[in-house]
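A.B. asks: This structure is in structure tokens; I'll ask about it shortly.
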Amino acid sequence: MNISAKILVVEDEVIVAKDIENRLQRFGYSACETVSTGEEAIAKVSEHKPDLVLIDIRLRGLMDGIAVAQVLHHNFDLPIVYLTANTDECILNRALATKPFGYIIKPFREQELKITIELALDKYLVEQTLKQNKYWLRSALKNISNGVIASDTEGKITFMNPIAETLTGWNQQDARGKPATEVVKIIHAEPLISEHPIQQALQKGITVGISERSRLIDKNGMEIPIDDCIDPIKDDRGNIIGTMFVFQDISERQQVEAMHQKQIEQEQMLVQMEKMHELKDDFLSTVSHELRTPIANMKMAIQMLKTSPNNERRQRYLEILQAECNREAELITELLDLQRLETASYPDLVQEAVDLQKWLPQIMEPFLIRAQNNQQLLEIQLAANLSQILTDRASLERAIAELANNACKYTPSGGTIVVSVQPHCSSCTSHQLPITRTIFTVRNQAEIPTAELPKIFEKFYRIHNSDRWKQAGTGLGLALVKKLVEHLQGTLQVESKEGWTTFTIELPDRTISSE
């Protein structure tokens, strides 16, 4: 145990802070200070230079404990141990990003606190030792395997190692005494940088990094990708006495990285292909099931027709047979239409003038009768300023009819269905013409669960236990509507809240003036 270790406590609850301070004294540590805000913590770290910081996540002031830890980790490289009652996963992930040396959940046992502090201090000591060894090793490796060029305070070459001679095309004897800018010609990745990095290091006294996208131009004009840095050389008093340029040829590394990136892209493509095959297999399996179900029902109805002596029962089986035949035909038709739409082989748009004031009531007639039979209220709302539009009548009718069919299917008895059409003119500037779109909405009193909304346009997806009138469909209706609207170059949106579900179709401006 590091008895002489100084520990800063950052805790905004006075009683808890005092308790921690007393426990630290019993452990043999020194609580150099106890503060309650992040701003105080940063100031006290600069003043006392503690060996470890115990910090609560929730603090008074503008900064929470995690924000403080980020500053301390970046500026002071101190070990941080969190003390908190917060177990939220999001908070935990933020805390882990600061690389803490411990995370203690309140309330905690005294022994738990003691062991965590000891482990954090030991771990920090080991890490610091490893860092120092790493720095020594890195320096030695650079001087052996990398190019090294030294310059004096005037920026003139004083030393080049053999690697540097090979990469620049200059030998040390010829280069010595020449301006480094003449020997070390660099094309920067950032074209706005004009100052030579050796000059920057001399004038500013800072380490200047060389981007991996930079190029060294050798004596023969050949470009070599390089990276690394230029360090100012300082004496004991901090005076700059020259620079040390350490660099390496990264041509081979870039080639390996390019090959690795290509391999990753190929693997991703393979994964996508495998996923597509899986989706295809799932789709074929689902289609097979959906096609077989009506056929199985038809076989059963035919079998029962053969054996049933009762005319009433025969009529019932004939009705089942007719319904399943219609279902099978509808399923095949929608599958084929979906396939054509997805492969862009659907018939081209046939533009014709549609008088919306007359057109919508006509296609809603069968749904008005159906709504009355279901004791539903179906309202048709048409804006008074509607103009004729140019569109593909068949595709639009099919999309609106499918949405109306769904509304009737899922609206309870006594519920309301509203089908409306209105023009929408967006705002514009003095230099732009107004943009007009025609908006169709189908609203009904039934709510779709939020978790189900993203899935309703998937093929064969059905919401469980929502078909109030037991009018089974193909499961392809909404998927077909989505593709039809895209075919019409429009947009389709859905929202469901407060007991209502609203489908909105917006078609681009192809109106015909009534004048």
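A.B. asks: For LYS18, go through the aspartates and glutamates and keep the ones whose alpha-carbon is under 19 Å away, minus same-chain ones fewer than eight residues off.
C.D. replies: GLU33, GLU40, ASP56, GLU110, GLU112
A.B. asks: Separate question: Give me the net charge of PRO179's neighbourhood, meaning all other residues with Cβ under 10 Å from the Cβ of PRO179; Lys, Arg count +1, Asp, Glu -1. Intermediate values should be presented prior to the final figure.
C.D. replies: Numbers: positive: LYS156, LYS178; negative: GLU154, GLU182.
Spelling it out: positives minus negatives among the neighbours equals 0.
A.B. asks: I'd like to know how the range 146-249 sits against the 2.2 N^0.38 Å rule of thumb: what's its Cα Rg over that expected value?
C.D. replies: Details: Rg = 12.7 Å, N = 104, 2.2 N^0.38 = 12.8 Å.
Against the compact-globule rule of thumb, the ratio is 0.99.
A.B. asks: For every other residue with a beta carbon closer than 13 angstrom to the beta carbon of PHE101, add +1 if it is Lys or Arg and -1 if Asp or Glu, then tell me the sum. Spell out each step's value before the answer.
C.D. replies: Numbers: positive: LYS99, LYS123; negative: ASP51, ASP77, GLU118, ASP122, GLU127.
Spelling it out: positives minus negatives among the neighbours equals -3.
A.B. asks: Excluding residues fewer than 8 places away in the same chain, name every one of the lysines whose C-alpha is closer than 30 Å to that of LYS185.
C.D. replies: Qualifying lysines at Cα under 30 Å: LYS142, LYS156, LYS204, LYS219, LYS234.
A.B. asks: What are the residues whose amide H is under 5 Å from the amide H of CYS229, where those residues sit 5 or more places off or on another chain and H is modelled from the backbone?
C.D. replies: Long-range HN contacts for CYS229: ILE210, VAL246.
A.B. asks: Count the net charge of all other residues whose Cβ sits under 14 Å from the Cβ of SER496, scoring Lys and Arg as +1 and Asp and Glu as -1. Let's see the in-between values first.
C.D. replies: Working: positive: ARG443, LYS455, LYS497; negative: GLU447, GLU452, GLU495, GLU498.
Net of charged neighbours comes to -1.
A.B. asks: Please list 3J(HN,Hα) in residue order for the range 9-26, calculated via the Karplus relation 6.51 cos²θ - 1.76 cosθ + 1.60 where θ = phi - 60°; whole Hz, with x for glycine and proline.
C.D. replies: Here the 3J(HN,Hα) series is 9, 10, 8, 8, 9, 4, 5, 5, 4, 5, 4, 5, 4, 5, 5, 4, 5, 5 Hz.
A.B. asks: Starting from the Cα of LYS358, draw a straight line to each of the aspartates and glutamates and keep only those under 18 Å, dropping any in the same chain fewer than 8 residues away.
C.D. replies: Cα-Cα hits under 18 Å: GLU379, ASP392, GLU397, GLU515.
A.B. asks: Hey, can you grab everything whose amide H is under 5 Å from the amide H of LEU476? Only 5+ residues off in sequence or another chain; H modelled, so Pro and N-termini drop out.
C.D. replies: Result for LEU476 returns PHE460.
A.B. asks: Given labels modelled 7 Å from the Cα in the Cβ direction, how far is it in nm from GLN489 to GLN263?
C.D. replies: Label-label distance for GLN489 and GLN263, simple model: 4.8 nm.
Read the figures in this text as sums done on the coordinates, not as results from a lab. The structure displayed is predicted, hence computed values, not measured ones. Note: ideal-geometry Cβ built from the backbone for every residue, glycine included; neighbour counts use all protein chains shown.
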